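One structure below.
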Amino acid sequence: MSSSTELTEKKVFLLKSLDGVIFEVEESVAVQLEVIRELIEGDCARPFISLYNVTSEILALVIEYCKHHAETCSGGTSATIADEDLKTFDNEFMNVDENILLELCSAADYLDIKSLFELTCRTLASLIKDRTIIEVRKMFNVENDFSVVEEKAVRKEFAWAFK
Amino acid sequence: MRLNELPTDLLVDVLSRLPEKSLCRFTCVSKEWQSLISSPHPGFVKALRRQRLHRKSYLYIWNISLFDGNVESDVEDCSLRISIVDTVNERIQENYCLPINNMNPFIYTVISCHDLLCLAQTKISICNLSTQEKAILPDPDHLGHVGIGFGYSSVSKEFKIVRWFMQKKDGRMSMGCEIFSLTNRLRFKSDSWRLTETRPFEFLSKPSVFVNGVIFWQILNPTFKNFFESNSILAFDLDEEEPQIISCPKLSPDTVAHLVELKECLYLAHCSKGKAIVKIWRLEDQKNSLWVSEYYINFSSICNTIVPLTSVLAGHVEELVFISVKGKGLLYYNVESGKMRKPENLENFTLRWYEFPCVLRNMEF
């Protein structure tokens, strides 16, 4: 952070998670949450913004993500270095448990953070891309409602995909 | 949260990012997944289309015929050698060998539409390189091959192979047209070719171009000194199944005309023989044969004949991709700065006399 930004008083927002934990975030971070940006622009932002769909554990991660992205983008570094830095950060950031990843994806959707939504969807896709049918069923807790004959027929139809 | 609690629209968004192969496999997960993936679930189709549009890497196939270098192998297991060039990331992505049985590799036509390839000779087959799916079409009912085209009709949602063949009636030559339709999963709509049209006989160019529901062939004039001095185009609308003749700008001496698809429009390039001078028109109004002159490119001092292949969008800057016919490598022409550059990774790329470049979009490898 440069000293000039520190001189002006920073606008701060308080975000309240589903389980009642309050997070203090600066405006530059808050506006990355499209839902909050809309509130701010419409001058409807209250001191407390309650986010009913996000737990404190996930909200902390989301804020960490937005903070890093806001800092990297506003810092004086060149675009290519910032790009590289964000890539490394995103990769590490995605190194989480499957369930957390899902929560992040759904939170990014709810809070309307496009880059995080894109990142989580992409990560989820690459996570399940090479899984077997049985693994996918287990992962998504889906019951196999095909009869043996039906499943055989579907497998036959897409035989090439199983090679 | 558990994966099974993921709302359907989020699941759709995730699934739409999967490669075709995984998607097809996952139709076996459950009935719900099957209907989500294979039926035209509006959300899914939309998400998929959005994903495909974002994946900008346009890939190109170079239809390199000939056997796979193995002289001893007999015709029954010869293969088509294909190099795939990623023109966006400027590198040779992969070299493929596509088995082609019982085919004479020298009289090959390879045309593409979306991510499908149509290989045509006496037998016609369609294949999807990313999924390795392949379908061999029933033999056409008529001999005497004149021209073949391959495209997609978004109205009937099917791929169509349009084949012109020669016929003689009462001593007069004419050409007939037969069509074969496929669904996007390479399933046949019916088991036979459909006869549609009869037209006066013309010589048609070998590579046809497909743009927005219409297939175009150059009409070649055999009475001209140069066979490729074409001055009109045969267009075939795949929705209406209607042919139309389009007249072209007059060709100046010592130039060759090429049809090319750029930015989802049909372009006509007049390429000077021996020099890198290219004049490019865009077909503005098909009904009235109205062409608009769009680019004039002159690099005669630095290279020989160049032929446009496609365009790429890097950031907001558009570049036209050319291949040098006699020299080596691909050339990128920046339409804003008017500068030409030669990407290092693609420098060794050459086109041999029997090879035709072929454009594939939205491929996944």
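Residues B:LEU119, B:LEU129, B:LEU143, B:LEU137: which one is within 14 Å of chain A (Cβ to nearest Cβ) and of a type in the set (A, V, I, L, M)? First the steps, then the outcome.
Details: B:LEU119 fails: within 14 Å of chain A (Cβ to nearest Cβ); B:LEU143 fails: within 14 Å of chain A (Cβ to nearest Cβ); B:LEU137 fails: within 14 Å of chain A (Cβ to nearest Cβ).
On inspection, the qualifying residue turns out to be B:LEU129.
So how many residues does region B:183-213 have that are in contact with an Asp or Glu (Cβ under 9 Å, 6 or more places away or on another chain) and closer than 19 Å to B:GLU240 by Cβ? Quick ask: steps written out before the conclusion?
Going residue by residue through region B:183-213, those that are in contact with an Asp or Glu (Cβ under 9 Å, 6 or more places away or on another chain) are B:183-186, B:189, B:192-197, B:209-213.
Restricting the remaining residues to those that are closer than 19 Å to B:GLU240 by Cβ gives B:189, B:193-197, B:209-213.
Residues that pass the stated criteria total 11.
B:VAL155 - would you say it is in contact (Cβ under 8 Å) with a residue 40 or more places away in the chain, over 30 Å from A:ALA159 (Cβ atoms), touching a strand residue (DSSP E or B) at 6+ places or on another chain (Cβ under 7 Å) and open to solvent by 10 Å² or more (accessible area, probe 1.4 Å)? First the steps, then the outcome.
Values: in contact (Cβ under 8 Å) with a residue 40 or more places away in the chain: yes; over 30 Å from A:ALA159 (Cβ atoms): yes; touching a strand residue (DSSP E or B) at 6+ places or on another chain (Cβ under 7 Å): no; open to solvent by 10 Å² or more (accessible area, probe 1.4 Å): yes.
In short, no.
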(message) I'm told A:ASN53 meets every condition in (1) under 21 Å from B:VAL12 (Cβ atoms); (2) at pLDDT below 90; (3) part of a helix (DSSP H, G or I) except one. Can you identify the failing condition by its number?
(response) (3)
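Among the residues of region B:210-231, what is the count of those that are open to solvent by 20 Å² or more (accessible area, probe 1.4 Å) and either closer than 30 Å to B:SER154 by Cα or modelled with pLDDT of 90 or more (or both)?
Initially, region B:210-231 is screened for residues open to solvent by 20 Å² or more (accessible area, probe 1.4 Å), giving B:210, B:212, B:221-229, B:231.
Okay, now just the ones that are also either closer than 30 Å to B:SER154 by Cα or modelled with pLDDT of 90 or more (or both), so B:210, B:212, B:231.
Within region B:210-231, residues that are open to solvent by 20 Å² or more (accessible area, probe 1.4 Å) and either closer than 30 Å to B:SER154 by Cα or modelled with pLDDT of 90 or more (or both) number 3.
Would you kindly identify the strands (runs of 3 or more DSSP E) lying entirely within region B:171-281 that contain at least 2 residues that are closer than 20 Å to B:LEU119 by Cα, touching a residue at least 40 places away in the same chain (Cβ under 8 Å) and under 19 Å from the mean Cα position of the chain (by Cα)? If you could, list the steps in order and put the result at the bottom.
Details: elements: B:172-182, B:194-200, B:209-211, B:214-220, B:232-237, B:242-247, B:255-262, B:265-272.
It comes to B:172-182, B:209-211, B:214-220, B:255-262.
Going through A:LEU119, A:LEU102, A:LEU86 one at a time, which residue ends up being modelled with pLDDT of 90 or more and either at the interface with chain B (Cβ under 7 Å from one of its Cβ atoms) or assigned to a helix (DSSP H, G or I) (or both)? Spell out how you get there, then give the answer.
Values: A:LEU102 fails: modelled with pLDDT of 90 or more; A:LEU86 fails: modelled with pLDDT of 90 or more.
Of the residues listed, the single one that is modelled with pLDDT of 90 or more and either at the interface with chain B (Cβ under 7 Å from one of its Cβ atoms) or assigned to a helix (DSSP H, G or I) (or both) is A:LEU119.
Look at A:SER126 and say whether it is under 25 Å from B:VAL29 (Cα atoms) and at the interface with chain B (Cβ under 7 Å from one of its Cβ atoms). First the steps, then the outcome.
On the way: under 25 Å from B:VAL29 (Cα atoms): yes; at the interface with chain B (Cβ under 7 Å from one of its Cβ atoms): no.
Considered against the rule, which asks whether it is under 25 Å from B:VAL29 (Cα atoms) and at the interface with chain B (Cβ under 7 Å from one of its Cβ atoms), A:SER126 comes out as no.
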(request) Would you check which residues across region B:271-306 are buried (at least 17 other Cβ atoms within 10 Å of the Cβ) and among the hydrophobic types (A, V, I, L, M, F, W, C) and list them? (result) B:CYS271, B:ALA276, B:ILE277, B:VAL278, B:ILE280, B:TRP281, B:LEU283, B:TRP291, B:ILE297, B:PHE299, B:CYS303, B:ILE306
(request) Taking the residues in region B:15-32 that are in a helix (DSSP H, G or I), surrounded by fewer than 22 Cβ atoms within 10 Å (Cβ to Cβ) and facing chain A (nearest Cβ under 7 Å) as candidates, determine which candidate is farthest from the chain's Cα centre (by Cα). (result) B:LYS31
(message) Of everything in region A:65-112, what is in contact with a Leu (Cβ under 9 Å, 6 or more places away or on another chain), among the polar types (S, T, N, Q) and surrounded by 13 or more Cβ atoms within 10 Å (Cβ to Cβ)? Give them in sequence order.
(response) A:THR72, A:SER106
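Pick from region A:132-143 the residues that are at the interface with chain B (Cβ under 8 Å from one of its Cβ atoms) and farther than 15 Å from A:LEU102 by Cβ: which of them is farthest from the chain's Cα centre (by Cα)?
Initially, region A:132-143 is screened for residues at the interface with chain B (Cβ under 8 Å from one of its Cβ atoms), giving A:133, A:136-137, A:139-143.
Retained after the next criterion (residues that are farther than 15 Å from A:LEU102 by Cβ): A:133, A:137, A:143.
Numbers: A:ILE133: 26, A:ARG137: 24, A:GLU143: 28 Å.
Out of the qualifying residues, it is A:GLU143.
The values are calculated or read from the model by the stated rules, or taken from the named source; none is laboratory data. Computed from a predicted structure; not experimentally measured. Cβ: placed from backbone, ideal geometry, glycine included. Neighbour counts: every protein chain shown. Keep in mind that these areas ignore ligands, DNA and RNA; they rest on the heavy atoms of the full protein, side chains included. Shrake-Rupley method; radii C 1.70, N 1.55, O 1.52, S 1.80 Å.
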